[in-house]
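Beneath this line is the structure, given in structure tokens, with notes to follow.
Derivation of every value follows stated rules applied to the coordinates shown; laboratory data play no part. Remember, predicted model here, so these are calculated numbers, not experimental data. Backbone-built Cβ (ideal geometry, glycine too); neighbour counts: all protein chains shown.
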Amino acid sequence: MTRTVSGAHYGVRDWLVQRISAVFMALYTLVLAMLVWDRQPMDYAAWRALFEPAVMRHATVLFAMSLYWHAWIGVRDIFMDYLKPTGWRLAAQAVVVLLLLLYVLWTVNVLWRLT
């Protein structure tokens, strides 16, 4: 029996990560919507003040990381289903991982550059 490198991760872990990240993103979105609604009218100063507390910045970074991880699992599954040549699939996955890591760094940079 030969084993082909496919990037597959079978099991409950990915299913659970997608569910937990989806719940966290939904809760964050509701809290953010309530905070924005409470601060009407929303101008640049109010928007900046919203993300000034460290807890809001950390929650936003967790939201972004949840979003990126959630997206990674979905994109990886699509690649495994539709990109059959292993080389193409691994190359596409490497590009997506690199982009998602850059998005995380960009998110942190934007949030901590506010001060």
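Residue by residue, the stretch 79-91 carries 3J(HN,Hα) couplings of 4, 5, 7, 10, 9, 6, x, 4, x, 5, 4, 5, 5 Hz when phi is fed to the Karplus relation 6.51 cos²θ - 1.76 cosθ + 1.60 (θ = phi - 60°); x denotes Gly or Pro. Taking Cβ atoms as reference points and 13 Å as the exclusive limit, the residues near Ile20 contribute a net charge of +1, counting Lys and Arg as +1 and Asp and Glu as -1.
Shape annotation for the chain: C-alpha extents along the principal axes are 63, 26, 20 Å, from largest to smallest. Subtracting the Cα-Cα distance of Val12 and Ala26 from 0.36 nm times their residue separation leaves 2.9 nm of extension gain. Exposed loop sites, defined as trypsin sites (Lys or Arg not before Pro) outside DSSP H, G, I, E and B with at most 16 other Cβ atoms within 10 Å, are absent from the longest region of the chain, namely 40-112.
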